[in-house]
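Enquirer: The structure's right below; bear with me while I get my questions together.
The values are calculated or read from the model by the stated rules, or taken from the named source; none is laboratory data. Keep in mind it's a predicted model, so treat the numbers as computed, not measured. Note that each Cβ is placed from the backbone with ideal geometry, even for glycine, and that neighbours are counted across all protein chains shown.
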Amino acid sequence: MKEFNQFQSLNKRYLITIFFISVIFFLIKWVTSFYYLNEELLVKILFESVSDGSFYYPLIKFFSQFDFLNTLNPLIQDTKNTAFPFGSLILHTLFYKFFGLFGLILVDLFGIFLFLLIFYRIFLFFNSEKNSLFYSLLLFGIPIILNFYFYNFNQLPFIQFKDFFTLRVHRPFPSSIYFFAFIFLILHMHQKNVFHKKYFIFLGILMALSLSSFYYFFITEAITLFIYIIYKNKKNVLNFITKNYISFILMIFIFLIISMPFLLNMIYVEKDVITSAGVFNLDDEKRFILLSHYYDKLLNVQFIFFNLIVILLVFYLNIKKLNFYEVVNIFLIIYLGTLISPFLIIIFSNKIGHMYHFNNNIVVYGILLLFISLVVLINSKKNIKLNFTYLLVFLIFTNLFHEFKAKKVENFERLEFDKISKIINNKNLNKSNLTLLTFDSRFMIWGMMNEKIDYLNLTYVGSTGKSYNLIENDLINSFIFLKLNSNDFIKFLENRLMGYRYLNKNVGIFFRHRYTANSLFTFKNSQNFDPEIKDYILNTSPLYHQQLAIPIEEFARLENKFNNTKEENFINPNIIILNNELSFINKIEIDKSIFCEMFTGNIYRLYVEKNVIFECGN
């Protein structure tokens, strides 16, 4: 076998090229946004956020202030910490701390650059500099292509690769970056064939960051490292560990030091916040059901066919001993790590989270193994030419077309959102410590990030350390303030079939996975649902955590609590923002002697207390 490529000293010309490419894709997104949409900066950031990543912005703000106990209600003080995924927020927090809101834009450039740089270095182990640049750009571009050209074909297994890397806050960026850096480090150690202490220190740092951002990667990393050490040393594993025991101690020590804030946070966190994140207790019966489910998945025809292709290709590369076939073996070890991870969690853990993340990792890193194997195979063909310029131009125009199309579609929600933001921010208010009441999660985020808003009557679960009991109190008090009754409250939370699953977005906003309902988990293991709903739930995959349904007895408890609640720890709002889609919108009574109706649109309504504003009307 040839030695790994020695182009590991970074060529400044290629480094500048990578930065230039990063700037191009960064500008495509943000220049089109600033050119076409004359919005307030915070509104632009919220709507340009990838998927639901904006939910992490308030945590980023609190993290920058080292405020882990903010309830956004001065009358509520006795709460525990909210859950902070420190590792996946640290980069955004630093950018926000130094650059304010603009930092939440600039960090995207850093994310693109890190991705391209890491994979450029990975491919450089077994490619020329130019080809390494081509393949790193291709990997970056595949999700762009899939999201644009194959957006409606989510049933295809390869479409899951569209989430391989995006700029969604927390996951994939930067949690996936840590995992990619881990892969690079393993390859680097293998290439050097030495195991200096500094490498183990870096391993400890990366694994700690993964644990505190996306623990699924941490588990895979730990298994991968274990398998790799066995693969590298064969029968001399014990000698290797004995020889490098100081390095292992250093790695564990650094890991514990970096993980400490996260581990301490988990000790003092509000337990209901952990439940809302989808962490459930696992008993022997549930463990057996999950293992049986995964066993059946392993026997799936598509899965067997895909793995057969991958194994045959890897076997061929090893038999022929094509140049750099050992690179493929390391990616095979990583893939094995993703395969083994869910089984270890099910067997040895008494708690379990979103198992579908393990499934997604298996698919994504299986495809990555196939991709790397094909690259090594292509490299063995001397007449293959790769045109970096054509690829770059194609991806630029694809991305441009996508952004232009998205910006030119008139988004009434976004337009009205910006109008309301400008009304509040541009008016001269004669009162501080303003309180906002809204059921809209995006306006909750806006309120928490807006310097004019100090308190919120309602906050989505996970944004603070409030228990479910306090969230229920907030909801009931808000309904009472708006002159609504218990029937309105129950209808607000009713079980609703949306497309292929039961999902009431209101329940998701305020309780998230408390009411997860599938064939394995329901709230307090209840089976007390309407017959049609119960039948639907029992036929749902045990890995299906994105379905929510409230049992009948829980509705009865909530209704009883509503009818027996007296207003407590409730601050009368100064600003009310309502969504016209609320089922009770026409029943709400706003005292016009106290509030001024500042805006009424197709999507939103805005009311501002008269004693905080000098003029009525917009």
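Enquirer: Would you say ASN244 is at pLDDT below 95, within 15 Å of LEU209 (Cβ to Cβ) and surrounded by 12 or more Cβ atoms within 10 Å (Cβ to Cβ)?
Expert: No: the conditions fail for ASN244.
Enquirer: Can you tell me how many residues within the stretch 564-599 are over 24 Å from SER486 (Cα atoms), among the aliphatic types (A, V, I, L, M) and not in a loop (DSSP other than H, G, I, E, B)?
Expert: 1
Enquirer: Enumerate the pairs (first residue in the stretch 559-586 and under 24 Å from ASN433 (Cβ atoms); second residue anywhere and in a loop (DSSP other than H, G, I, E, B) and modelled with pLDDT of 95 or more) with beta-carbon separation below 6 Å, excluding pairs fewer than 6 apart on the same chain, so at least 6 apart or on different chains.
Expert: Every condition considered, the pairs that remain are PRO573/ASN457.
Enquirer: Which count do you get for residues in the stretch 482-502 that are surrounded by fewer than 19 Cβ atoms within 10 Å (Cβ to Cβ) and out of contact with any helix residue (DSSP H, G or I) (no Cβ under 7 Å at 6 or more places or on another chain)?
Expert: Result for the stretch 482-502: 11.
Enquirer: Of the residues that sit in the stretch 1-33 and are at pLDDT 95 or above and of a type in the set (Phe, Trp, Tyr), which one is surrounded by the most Cβ atoms within 10 Å (Cβ to Cβ)?
Expert: Here the residue is PHE25.
Enquirer: Do the conditions hold for LEU458, that is, is it buried (at least 21 other Cβ atoms within 10 Å of the Cβ), modelled with pLDDT of 95 or more, assigned to a loop (DSSP other than H, G, I, E, B) and of a type outside the set (S, T, N, Q)?
Expert: So LEU458 passes the test.
Enquirer: Going by what's in this entry, would TYR295 be described as over 24 Å from the mean Cα position of the chain (by Cα), over 27 Å from PRO172 (Cα atoms) and modelled with pLDDT under 95?
Expert: yes
Enquirer: If I filter the stretch 57-75 down to residues being buried (at least 18 other Cβ atoms within 10 Å of the Cβ), part of a loop (DSSP other than H, G, I, E, B) and hydrophobic (A, V, I, L, M, F, W, C), which single residue comes out as modelled with the lowest pLDDT?
Expert: PHE68
Enquirer: Let me ask another. Being part of a helix (DSSP H, G or I) and among the polar types (S, T, N, Q) is the filter; apply it to the stretch 28-56 and report the residue that is farthest from PRO85 (Cα to Cα). Write out each step before concluding.
Expert: Narrowing the stretch 28-56 to residues part of a helix (DSSP H, G or I): 28-36, 41-48, 53-56.
Going one step further and asking which of them are among the polar types (S, T, N, Q), we end up with 32-33, 54.
On the way: THR32: 31, SER33: 29, SER54: 14 Å.
It comes out as THR32.
Enquirer: Criterion first (closer than 22 Å to GLY366 by Cα, part of a helix (DSSP H, G or I) and either at pLDDT below 95 or not assigned by TED's automatic domain parsing to the domain that holds PHE262 (or both)) does GLN155 satisfy it? Spell out the reasoning first.
Expert: On the way: closer than 22 Å to GLY366 by Cα: yes; part of a helix (DSSP H, G or I): no; either at pLDDT below 95 or not assigned by TED's automatic domain parsing to the domain that holds PHE262 (or both): yes.
Criteria not met by GLN155.
Enquirer: Filter the stretch 272-284 down to residues that are touching a helix residue (DSSP H, G or I) at 6+ places or on another chain (Cβ under 7 Å) and assigned to a helix (DSSP H, G or I) and give me whichever is farthest from ALA517 (Cα to Cα).
Expert: ASP272
Enquirer: Among the listed residues ILE471, ILE420, ILE445, which satisfies the condition of being at pLDDT 95 or above, buried (at least 22 other Cβ atoms within 10 Å of the Cβ) and out of contact with any strand residue (DSSP E or B) (no Cβ under 6 Å at 6 or more places or on another chain)? Show your work before the answer.
Expert: Details: ILE471 fails: buried (at least 22 other Cβ atoms within 10 Å of the Cβ); ILE420 fails: out of contact with any strand residue (DSSP E or B) (no Cβ under 6 Å at 6 or more places or on another chain).
Just one listed residue meets the conditions, ILE445.
Enquirer: When you look at PHE134, is it surrounded by 23 or more Cβ atoms within 10 Å (Cβ to Cβ), assigned to a helix (DSSP H, G or I), in contact with a helix residue (DSSP H, G or I) (Cβ under 6 Å, 6 or more places away or on another chain) and not aliphatic (A, V, I, L, M), yes or no?
Expert: The answer is no for PHE134.
Enquirer: Which of the residues that make up the stretch 600-617 are surrounded by fewer than 16 Cβ atoms within 10 Å (Cβ to Cβ), at negative phi and not in a helix (DSSP H, G or I)?
Expert: Of everything in the stretch 600-617, those that are surrounded by fewer than 16 Cβ atoms within 10 Å (Cβ to Cβ), at negative phi and not in a helix (DSSP H, G or I) turn out to be THR600, GLY601, ASN602, PHE614, GLU615, CYS616.
Enquirer: For the condition assigned by TED's automatic domain parsing to the domain that holds ASP440 and exposed (fewer than 14 other Cβ atoms within 10 Å of the Cβ), what is the one hit in GLU581, GLU597?
Expert: GLU581
Enquirer: Determine if the stretch 181-199 includes at least one residue that is under 20 Å from the mean Cα position of the chain (by Cα), among the hydroxyl-bearing types (Ser, Thr, Tyr) and assigned to a helix (DSSP H, G or I). So that I can check it myself, show each step before the final result.
Expert: Initially, the stretch 181-199 is screened for residues under 20 Å from the mean Cα position of the chain (by Cα), giving 181-182.
Now narrow it down to the ones that are among the hydroxyl-bearing types (Ser, Thr, Tyr): none.
For the stretch 181-199, residues under 20 Å from the mean Cα position of the chain (by Cα), among the hydroxyl-bearing types (Ser, Thr, Tyr) and assigned to a helix (DSSP H, G or I): absent.
Residues are listed down the side, and each one gets a yes or a no for (1) loosely packed, with under 15 Cβ neighbours inside 10 Å; (2) part of a helix (DSSP H, G or I):
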{"residue": "LYS286", "(1), (2)": "no, yes"}
{"residue": "ILE304", "(1), (2)": "yes, yes"}
{"residue": "VAL314", "(1), (2)": "no, yes"}
{"residue": "ILE319", "(1), (2)": "yes, yes"}
{"residue": "ASN323", "(1), (2)": "no, no"}
{"residue": "LEU332", "(1), (2)": "no, yes"}
{"residue": "SER341", "(1), (2)": "no, yes"}
{"residue": "ILE346", "(1), (2)": "no, yes"}
